[in-house]
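I have placed the structure first, in the form of structure tokens, so that the comments after it can refer back to it.
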Amino acid sequence: MYLKHLRIENLRLFERLALELTPGWNVFVGGNGAGKTTLLEAAFLLSHGRSFRTGVRDVLPRHGGSGYSVYAELETGDGRFRRVGIARTGQRLEARLDGETVPAAELMRHAAVLCFEPGSHELISAGSEERRRFLDWGVFHVEHDFLNAWRRYQRALKQRNALLRRPGASVGAELDVWDHELASAAMPLTRMRQRYFERLQPVMGELLQQLLGELGAPRLAFQPGFDVEKPLEDLLHAQRERDLARGHTGAGPHRAGWTLVFEGAVRREYLSRGQEKLCAFAAVLAQARLFSVEAGTWPVLCIDDLASEVDRPHQYRLVELLAQTGAQLLVTGTEAPDALARLAAPVTMFHVEHGQATPLL
């Protein structure tokens, strides 16, 4: 799929902007703070409903405004075009598909965008929440029952945690009910994640060996968040006193994630920042490759500040790998990366400045 038209209103620096994009390489250059990253955020919002920059929801609207909107026309991979949009006013988020208001999840099934950016190293270095969110995006796009299973589990978790924090009165009988519901909801969710990770693992492993072969063979493992060989309901009951003391549930799919180590780096803490970024790139590109196989079309790939903390030889390799995909690419930098000069494919350049993006001939 690719974005043909992109229209932004009142998003960060941009009061109003309309872009015509090409299916291949679209490169945005300009000074720091010019708004290049915002263009990638706009595309990402259509697919995730949030920015890839953490903790920035309240600063997405243009200064002095209370909301923003992003609209696009996208080609879905089968020759059809869909009109997609997302708008926030205050606390209200509205999603639109072909002119009709739809649940945000319905919009996100049609707009698939992945991003590699300077903070992507946190996919490797941060806690399990980032890796779980990454995993769930992929599961959502291939398992049609995932969202219902995820919501059922979240409802049960919320109810159980509320009981754990209730002061005073005994909650034993009520916890029994929610222990059972939580355990029942856990297994379908866990099986979907496990199936997806088993398909993702070899693709990611191949890319990791290409990019970080000096570290030896990579070892990837799915972490379900609890011991799947034992009934979760029994585990919840056994850990009840500890959960009551802490006020939250300590075991379950809400603790899920995945781990990555190498023969030559048996702890993730042994990786340099640059190596973490290469690992994150491998994860994002692996997810894009798997999406292309299972959905029959590539997601849009956003690459923010390609040169940041990745040495030049690896920049060349990353560009080579990206050029082998069939994806639309949205790339930013203070200047065009040298590696792009080697491309045989055409590159469309834009100069970004003062809330405008101007095509360069």
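From the list 62, 88, which residue is surrounded by 17 or more Cβ atoms within 10 Å (Cβ to Cβ), of a type outside the set (A, V, I, L, M) and touching a residue at least 40 places away in the same chain (Cβ under 8 Å)? If you could, list the steps in order and put the result at the bottom.
Numbers: 88 fails: touching a residue at least 40 places away in the same chain (Cβ under 8 Å).
None of the others qualify; the one that does is 62.
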(request) Filter the range 126-136 down to the residues that are crowded, with 17+ Cβ neighbours inside 10 Å and not basic (Lys, Arg), then identify the one that is nearest to the chain's Cα centre (by Cα). (result) 134
(message) Among the residues of the range 125-153, what is the count of those that are at pLDDT below 95, assigned to a helix (DSSP H, G or I) and of a type in the set (Gly, Ala, Ser)?
(response) 2
(message) Here is a list: 336, 307. Which entry is surrounded by 13 or more Cβ atoms within 10 Å (Cβ to Cβ) and within 20 Å of residue 279 (Cβ to Cβ)?
(response) 307
(message) Every residue in the range 269-320 that is in a helix (DSSP H, G or I), of a type in the set (D, E, K, R) and under 15 Å from residue 25 (Cβ atoms), please.
(response) 320
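Within the range 165-176, identify whether any single residue is within 30 Å of residue 298 (Cβ to Cβ), touching a residue at least 40 places away in the same chain (Cβ under 8 Å) and not in a helix (DSSP H, G or I), and answer yes or no.
So far as the range 165-176 goes, no, none of its residues is within 30 Å of residue 298 (Cβ to Cβ), touching a residue at least 40 places away in the same chain (Cβ under 8 Å) and not in a helix (DSSP H, G or I).
When the range 201-239 is examined, which residues are found to be over 20 Å from residue 178 (Cα atoms), part of a helix (DSSP H, G or I) and of a type in the set (D, E, K, R)? Can you show your working first?
Restricting attention to the range 201-239, the residues satisfying the condition of being over 20 Å from residue 178 (Cα atoms) are 201-223, 229.
Checking which are part of a helix (DSSP H, G or I) leaves us with 201-211, 213-215.
206, 214 - these are the residues of the range 201-239 that are over 20 Å from residue 178 (Cα atoms), part of a helix (DSSP H, G or I) and of a type in the set (D, E, K, R).
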(message) Residue pairs, Cβ under 6 Å, 6 or more apart or interchain, first in the range 26-50 and closer than 12 Å to residue 333 by Cβ, second buried (at least 20 other Cβ atoms within 10 Å of the Cβ) and among the aromatic types (Phe, Trp, Tyr). List them.
(response) 28/350; 36/28
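The values are calculated or read from the model by the stated rules, or taken from the named source; none is laboratory data. Note that the coordinates shown come from a computational prediction; the quantities given were computed from them, not determined experimentally. Here Cβ is always computed from backbone atoms with ideal geometry, including for glycine, and neighbour counts include all displayed protein chains.
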